[in-house]
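Structure record follows, encoded as structure tokens.
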Amino acid sequence: MNPTWLLLLLPLAAASGWYAALRGSRSPRTVRSDIPQAYIKSLNLLLNEQQDKALDVLISALETHEETVEIQLALGNLFRRRGEIERATQLHQNLIARSGLEPDQRLLALYELGQDYYKAGLFDRAESLLLEVAEAVEYSESAYRLLLQLYEQEKEWDNAIDSAKRLSEASGEDLTGLLAQYYCELAEERMASGMYQECAGFINQALTSERNCTRALMQSGRLRAIKNEHLLAIREWTKIVNLHPEMLTDVVGLVRQSYQSLGRLSDYRKFLERCIELNNDVRLMMTLVDLLIEIGQPNQARNRLLTWMRNTDSLKSLTGLIESGTGGGFDYRSDRSLDFLIDLVSVLFGKTRSYECRNCGFKGKSMHWQCPGCKNWNSTGPSRAAPLPTGKIDR
Ligand SMILES: [Zn+2]
């Protein structure tokens, strides 16, 4: 054996890599090779850090150990990691076509080939291989995890639900929140096609899977509103007010539409007041101010805005400065002062609503139930209003 080969792998002998992880607790078997199995198992660590060197080592090892399945599997894995999908695919296909493979070697080769197809975007082929491999207990978790990604990309929500349930069985993970999102996806599709009865069924399933799922409650209200059941719609959205105050700025627009349809904008005002008590968000305050102006109560709008500014820690000093008239004789009781205050708050906090993923920090202008950055579900929410610039305001 080439001494370089041993030298490279020796420090890794004690570690275990993907090969061991994939194989889980399967029973030991004889390796038909004179290369110690521990070294092969540890190869993945080497592959991660020194790919070019690992490739040289593997290719030279293959010259003397052509029949060694483990080396071929490691090489195929390495090709895929390097983006050489065609080479990986070819290698795994040849391996599977070989006679005399042990059943677990064949399963591993199929799983690897399934990953090649997935990477190559050949989803149909990847799906059928992964479904076959997932039947084996030791591969269930890995295969269903990859199938979930595949079904999400293909927006095959029924299949995603089935895979999530099986993944939960295999791994013991609580995937009820994820399942609720998949049911919401189905509900959204049905709502868009006017299939309201089916839509309601999926919303119920989402809420059964995750009680108080924000998205399902929003959908439930939207479905009621479509049917002109506005009070019931508002009741659904009001649940979100208490459960998820951070989502209020998204809910108020929906509630407004329903109150407007009912001709009860005064009740919408009460709703907004209650929301502001729960969540002192500047955007809610400005929504109330806009409403008061709209219904012809500019004085109330100004007073309400000033009261809010006086009670908001970061604005106290500034409000005091404005009210004392320092810096230009500003009269806060004049008609023009309302526009000034609105402009001031808008400049300080920004008017644009933005959303941010708690998991990866991805920022966007619209709400994504699945983060476009990290692909996590339900980890995106409204960003906090921009804080005031730091620095003291001297009086
Ligand atoms: Zn993210």
I'd like to check something: does the stretch 326-339 contain any residue that is at pLDDT 65 or above, hydrophobic (A, V, I, L, M, F, W, C) and more than 16 Å from the ligand (Cβ to nearest atom)? yes
Right, Thr214: among the β-branched types (Val, Ile, Thr) and open to solvent by less than 60 Å² (accessible area, probe 1.4 Å) or not? yes
Those residues that are farther than 22 Å from Leu122 by Cβ and open to solvent by 50 Å² or more (accessible area, probe 1.4 Å), I need them from the stretch 154-165; list them, please. Lys165
Residue check: is Leu131 open to solvent by less than 40 Å² (accessible area, probe 1.4 Å) and out of contact with any Ser or Thr (no Cβ under 6 Å at 6 or more places or on another chain)? no
Close pairs from the stretch 190-216: first in the same structural domain as Leu243 (by TED's automatic domain parsing), partner aromatic (Phe, Trp, Tyr) and modelled with pLDDT of 95 or more, Cβ under 6 Å, at least 6 apart: Phe202/Tyr183; Gln205/Tyr183; Ala206/Tyr183
Would you confirm, using the coordinates I've provided, whether Thr249 is in a helix (DSSP H, G or I) and touching a strand residue (DSSP E or B) at 6+ places or on another chain (Cβ under 7 Å)? yes
Can you tell me which residues in the stretch 351-390 are surrounded by 14 or more Cβ atoms within 10 Å (Cβ to Cβ), at pLDDT below 85 and either near the ligand (Cβ under 10 Å from one of its atoms) or part of a loop (DSSP other than H, G, I, E, B) (or both)? Arg353, Ser354, Ser383, Ala385, Leu388
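The values are calculated or read from the model by the stated rules, or taken from the named source; none is laboratory data. Since we're looking at a predicted model, the values are computed, not measured. Positions of Cβ are backbone-derived with ideal geometry, glycine not excepted, and every protein chain shown enters the neighbour counts. Please note that ligands, DNA and RNA were not included when accessible areas were found on the heavy atoms of the full protein model with its side chains. Shrake-Rupley method; radii C 1.70, N 1.55, O 1.52, S 1.80 Å.
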